[in-house]
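Participant: Pasting a structure here, questions to come.
What follows is calculated from the coordinates using simple rules that are stated; it is not laboratory data. The shown structure was predicted, so the numbers you read here are calculated from the model rather than taken from an experiment. We place every Cβ from the backbone using ideal geometry, glycine too, and count neighbours over all the protein chains shown.
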Amino acid sequence: MGGHAELIAKIVRYMNATGCFVWPNRTGAYRRHGSWIEYGYPGAGDVLGMSRSGRFITVEVKDGKDTQKEDQFDFMLLTRLHKGVYIICRSFEEFMEKYEKEDL
């Protein structure tokens, strides 16, 4: 498991241990019998779920110089429009700093 996957797993473990209900989210596409099968919601974060208070929460984890894609930005706006929590981070420390500022 690489750094990105390890960070996602650590965030999921921490959030679930502190009363949230979250899971790792996968999006993408694969080829089956000559056709492309898409799965997941485009732009959705790497972690999805509910906070302790029942608010929708998503975490987008970035590696290295990776930046937020247009569909991820749109998902962030949609999440915040509906009073959900959207966190983008590059490390567990950055996640914790942002997570602790939220009223969950």
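Participant: Hey, can you list the DSSP H helices of the chain whose Cα span along the axis is 15 Å or longer and whose average Kyte-Doolittle score is at least 0.0?
Facilitator: Passing helices, by number: 3-17.
Participant: Using Cα pairs closer than 8 Å and at least 6 residues apart in sequence, work out the relative contact order for the chain, in percent.
Facilitator: About 23 percent, as a whole number.
Participant: For Cα extents along the principal axes in Å, the choices are (i) 51, 34, 26; (ii) 35, 31, 22; (iii) 46, 31, 25; which was calculated from the structure?
Facilitator: Checking each listed value against the structure points to (iii).
Participant: Which ³J(HN,Hα) values in Hz, rounded to whole numbers, follow from the phi angles of the range 44-56 under the Karplus curve 6.51 cos²θ - 1.76 cosθ + 1.60, where θ = phi - 60° and Gly and Pro get x?
Facilitator: Using θ = phi - 60°, the values come out as 4, x, 6, 10, 10, x, 10, 6, 4, 8, x, 6, 5 Hz.
Participant: Lys and Arg at +1, Asp and Glu at -1: add these up for the other residues within a Cβ distance under 11 Å of GLN72 and post the number.
Facilitator: -4
Participant: Which value in deg cm²/dmol, rounded to the nearest 500, describes the helix-derived mean residue ellipticity at 222 nm for the chain, given -39,500 (n - 2.57) per DSSP H run of n ≥ 4 and division by the residue count?
Facilitator: -11000 deg cm²/dmol
Participant: Count the DSSP beta bridges whose two residues both fall in the chain, then state the antiparallel fraction as a percent rounded to the nearest 5.
Facilitator: 70
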